[in-house]
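The values are calculated or read from the model by the stated rules, or taken from the named source; none is laboratory data. Bear in mind the structure is a predicted one, so any value in this text is a computation, not a measurement. Cβ placement follows ideal geometry from the backbone for every residue including glycine, while neighbour counts extend to all protein chains displayed.
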Amino acid sequence: MLSVFLLISLIILSFLLLIFVPIGNDNSTVRRIPWVTFSIMAINVVVFFVTFPIVAGQAAEIEKTAVNLQRFIQTHPELMGDAGVRSRLTSMGVLSEAEAEEIANQLKQNASLSTEYDIWLRSSEADQLRAQLDEIIISFNSATSSSIWYQWGLAPNGNWKLHQLITSAFLHLDLGHLFGNLLFFFAVAFSLEELWGRGVFLGFYLSGAAVACLPYVISPSTVPCLGASGAIAACMGAFLVRLPRGKIKLILLPARLLGLLSAKRKEFLIPGYIYLTIYFVLQLLAWYYYRMAGGRSGVAYSVHIWGFLYGAAFAGVMRLTNAEEKYIDPKIEAKVSFSAAQPVKVALDLLDTNDVALAEQKLTNYLLKNPDDTSALLALTQVYQRTQNFARLNTTYARIIHIHLANNDKEAALYAYDALLSSFPDHNVAPRVALRDWMVICEYLVESEMKKEAAVEYERLLNAYPGEPGAIRAAVQGGEVALQTGQTERALKLFESGKTLSPSPALAARMMTGIERCQKILDNRPNWVKSPPKNAFEREEDPEASAF
């Protein structure tokens, strides 16, 4: 019954992933061209088309010698009585250890048969057969040793070399294998490169390729392991953890193949946490199904699983340590502008040599004459991050946000605000941005369907500007957004705070309506439902607060 359920689940999930093909994601705005992503894709394509004509001939020769070997063994099964032959064939992967052990046990249990074999194995006929077998094995080893797949893919039977953990990720079996891998890779990779920078992303990708090979290192296969899917699975796991709400763009492949190429392209957006979870569950089910059936698949599902878990763990560590916001993002932002002034470049070099004081002096002097240079301001945030001067860090990020909004670049302002939130210690998240700028960020979060985060920011704004008449709108809009996302206690708190600020009749009416709805929801809530803690809007209590 279990096997039937697994088979049906596999068929359904495989069918869905087959017909809905990823072509990208909705985080398409990048600050720099993702050269590492494009380079990895280009290298894979070039390697495939350069090696394919050679590999095709080599594969045919390997197949020919392997068939000759198998045919010879089947024709002369009596050779299996020779322990040396069994050991040799086992090391080559032609004979499994279980099969070799079974033959040995049969000989032990049948003394007369064992004696006959011992006599025959010393005969000239046995010597001739062993000599013929040696020639066939030499031919097979010669064919495999000269093969690109065996030299640069992860070699089978435990004969792998260290470099093959990386080089195997740049070889593919056929055009479909290559094309499918590149589609999945592009769908998630450029966003990770944008967030982590070129150096970190390249290191992550290569290490993901190596880690994903470990299942085949621990339990070697009888054929080479090829393809970038382990490293790509690592990217997918990282995307799931770092950008769970990012939406994967899909197209319905059959429609594209059935002559609708000229029609208006239909794209589907599905949250990453749904699509990538389906992908991972499929790998787990397939791996378990084949293991339970006692067979091997031509697809390295265990490699996909290890790669995916590694990528998720890597992204999790990056997030827990705030490495992205503290070290990576400021450097990327500072280098984004190709027209960065010389004083800014000098200051960045000084920071690299840990001369923080002189770097600050250079930047502040430069900003007196160029107050709107965001590259200089971003470099200055690195100074204040290192000195843990959170007040000046807050002021500097507030200036950056204001400049971005003045240029109508709300997405860049949101990036800067997220970096500001992540700069504070977890126990003391206390941002302060100009009230109008903060309102624009809150409204942009709502527009971007990040309503839960918007409610948190409206409450932060209200707490940062108590008694300010301009915060009335934040109380109303924040309360309404909180209600939409099921945060009833937060909504009630926002509405009641707004009542004390002398709202206009129209806003007061909206507040009263909101309060009545909140009270009705709370009155109808079962007694066993507990309220969240009072400080649920703070980051340590609400991890979604800065999950942009």
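Pairs linking a residue in segment 139-168 that is of a type in the set (Lys, Arg) to a residue that is in a loop (DSSP other than H, G, I, E, B), with Cβ atoms under 8 Å and 6 or more positions apart or on different chains, are Lys161/Ala155.
Hey, any hits in segment 22-43 for a residue that's modelled with pLDDT under 90, among the aliphatic types (A, V, I, L, M) and part of a helix (DSSP H, G or I)? Within segment 22-43 (the criterion being modelled with pLDDT under 90, among the aliphatic types (A, V, I, L, M) and part of a helix (DSSP H, G or I)), the answer is no, since none of the residues qualifies. Pairs linking a residue in segment 34-59 that is assigned by TED's automatic domain parsing to the domain that holds Asn181 and over 24 Å from Ala234 (Cβ atoms) to a residue that is of a type in the set (Asp, Glu) and part of a helix (DSSP H, G or I), with Cβ atoms under 6 Å and 6 or more positions apart or on different chains, do not occur. Residues in segment 497-510 that are closer than 16 Å to Glu468 by Cβ and surrounded by 15 or more Cβ atoms within 10 Å (Cβ to Cβ): 6 in all. Among the residues of segment 397-415, are any crowded, with 18+ Cβ neighbours inside 10 Å, farther than 23 Å from Gly470 by Cβ and in contact with an Asp or Glu (Cβ under 8 Å, 6 or more places away or on another chain)? Yes, segment 397-415 has at least one match.
Quick one: would you say Gly24 is touching a strand residue (DSSP E or B) at 6+ places or on another chain (Cβ under 9 Å) and buried (at least 17 other Cβ atoms within 10 Å of the Cβ)? Yes: the conditions hold for Gly24. Can we say Gly203 is under 18 Å from Arg319 (Cα atoms), of a type outside the set (A, V, I, L, M), touching a residue at least 12 places away in the same chain (Cβ under 8 Å) and in a helix (DSSP H, G or I)? Answer is no for this residue. Where helices (runs of 4 or more DSSP H) fall entirely within segment 94-148, none has at least 3 residues that are closer than 19 Å to Gln74 by Cβ and modelled with pLDDT under 80. Consider segment 149-168 and keep the residues that are of a type in the set (S, T, N, Q), in contact with a Phe, Trp or Tyr (Cβ under 9 Å, 6 or more places away or on another chain) and assigned to a helix (DSSP H, G or I). The one that is surrounded by the fewest Cβ atoms within 10 Å (Cβ to Cβ) is Thr167.
Those helices (runs of 4 or more DSSP H) of segment 297-406 in which at least 3 residues are modelled with pLDDT under 85 and either touching a helix residue (DSSP H, G or I) at 6+ places or on another chain (Cβ under 9 Å) or assigned by TED's automatic domain parsing to the domain that holds Gly237 (or both), considering only elements entirely within it, cover 329-336, 342-352.
Any chance segment 62-80 includes a residue that's in contact with a helix residue (DSSP H, G or I) (Cβ under 6 Å, 6 or more places away or on another chain), farther than 26 Å from Trp160 by Cβ and at pLDDT 90 or above? Yes, segment 62-80 contains at least one residue that is in contact with a helix residue (DSSP H, G or I) (Cβ under 6 Å, 6 or more places away or on another chain), farther than 26 Å from Trp160 by Cβ and at pLDDT 90 or above. Within segment 416-447, being closer than 20 Å to Tyr327 by Cβ and either surrounded by 15 or more Cβ atoms within 10 Å (Cβ to Cβ) or outside the structural domain of Gln477 (by TED's automatic domain parsing) (or both) holds for Ala416, Tyr417, Asp418, Ala419, Leu420, Leu421, Ser422, Ser423, Phe424, Val429, Pro431. The residue list Val433, Val446 contains one member that is modelled with pLDDT of 90 or more, more than 23 Å from Leu378 (Cβ to Cβ) and not aromatic (Phe, Trp, Tyr), which is Val446. Whenever a residue of segment 427-443 is farther than 12 Å from Tyr397 by Cβ, its partners that are in a loop (DSSP other than H, G, I, E, B) and basic (Lys, Arg), lying with C-beta atoms within less than 8 angstrom and at least six residues away or across chains, give the pairs Val429/Arg539. Of all residues in segment 81-93, those satisfying the criterion of being over 11 Å from Arg130 (Cα atoms) and in a helix (DSSP H, G or I) are Gly81, Ala83, Arg86, Ser87, Arg88, Leu89, Thr90, Ser91, Met92. Restricted to segment 207-296, the set of helices (runs of 4 or more DSSP H) holding at least 1 residues that are modelled with pLDDT under 90 and surrounded by fewer than 22 Cβ atoms within 10 Å (Cβ to Cβ) comprises 253-257, 272-293.
Listed here are the residues, each with its yes/no results for (1) surrounded by 12 or more Cβ atoms within 10 Å (Cβ to Cβ); (2) hydrophobic (A, V, I, L, M, F, W, C); (3) closer than 26 Å to Ser168 by Cβ.
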| residue | (1), (2), (3) |
| --- | --- |
| Ile43 | yes, yes, yes |
| Pro53 | no, no, yes |
| Gln58 | yes, no, yes |
| Met80 | yes, yes, no |
| Gln109 | no, no, no |
| Arg122 | no, no, no |
| Phe140 | yes, yes, yes |
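It is to be established whether one or more residues within segment 6-17 are in the same structural domain as Arg198 (by TED's automatic domain parsing) and not in a helix (DSSP H, G or I). Among the residues of segment 6-17, not one is in the same structural domain as Arg198 (by TED's automatic domain parsing) and not in a helix (DSSP H, G or I), which makes the answer no.
Lys520 fulfils the conditions (1) crowded, with 17+ Cβ neighbours inside 10 Å; (2) more than 41 Å from the chain's Cα centre (by Cα) except for a single criterion, (1).
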